[in-house]
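The structure appears below as structure tokens.
The values are calculated or read from the model by the stated rules, or taken from the named source; none is laboratory data. Just so it is clear, the structure is predicted and the values come from calculations on it, not from any experiment. Cβ placement follows ideal geometry from the backbone for every residue including glycine, while neighbour counts extend to all protein chains displayed. Note: accessible area is taken over every heavy atom of the protein model, side chains too, but ligands, DNA and RNA are not part of it. Shrake-Rupley method; radii C 1.70, N 1.55, O 1.52, S 1.80 Å.
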Amino acid sequence: MVSCTLSLLLTVTNCNVFGSRVLELLFMFLLVWYYCTLTIRESILKVNGSRIKGWWRLHHFISTVVSAVLLIWPNSACWYEFRPQFMIFNVYISFVQYLQFRYQQGVLYRLKALGERHNMDITIEGFHSWMWRGLSFLLPFLYAGYFFQLYNAYKLYKLTKHPDATWQVPMLAILFFILFLGNIITTSMVIPQKLEPSITKTEDDDTSKRKSEDKISKSE
């Protein structure tokens, strides 16, 4: 959460202080560090039995590469054409990460209060029907972020024809498109899978309730 806040502050500063290469490089370095730590943490959690989807681990690895390529992108006219859009994108992503953090925090708190999770748990496995209310609020923001990645890919593709374009431009265009495609496909596939256990549980509860009512009726 601290890194997201710091990232947001640096992004907003870069939006208002145009042309400060030091601030830009500091922000890119923070992104590299952030996604590196996420990749390492998820690898440790995976070894310890986490059921995190393979795509999300790959997503953070690709994001690390994207951040590294942005870090070494030369200070050129091509970069400054993409810079405003990229900074706005990062402001939005920081906002979405905050929403995700609040959602995860709220769900985990409720599960602990219900006695279904230990106080030391920091991740959530499984899905309950009541989680859908918060998730349905979050999903439009997630999908908007995914399409923002597609727009980044499109903008970078157009910049490949720029006279000052370097190898970083087409590479970033491809990477942003991969991120968009992987995110939108994985999220769209995961939602029905997450809802299925809760639907099955509800049906089983209804069946048990009907059987109990039938037994009571017969006894009467």
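Each row is one residue, and each column tells you yes or no for (1) modelled with pLDDT of 95 or more; (2) of a type in the set (A, V, I, L, M, F, W, C); (3) within 30 Å of TRP79 (Cβ to Cβ); (4) surrounded by 14 or more Cβ atoms within 10 Å (Cβ to Cβ).
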| site | (1), (2), (3), (4) |
| --- | --- |
| ALA153 | yes, yes, yes, yes |
| LEU159 | yes, yes, yes, yes |
| ASP164 | no, no, yes, no |
| PRO170 | yes, no, yes, yes |
| LEU181 | yes, yes, yes, yes |
| LYS201 | no, no, no, no |
| LYS211 | no, no, no, no |
| ASP214 | no, no, no, no |
| GLU220 | no, no, no, no |
Among the listed residues ILE124, ILE191, identify the single one that is at pLDDT below 95, open to solvent by less than 60 Å² (accessible area, probe 1.4 Å) and either in a helix (DSSP H, G or I) or of a type in the set (Gly, Ala, Ser) (or both). ILE191
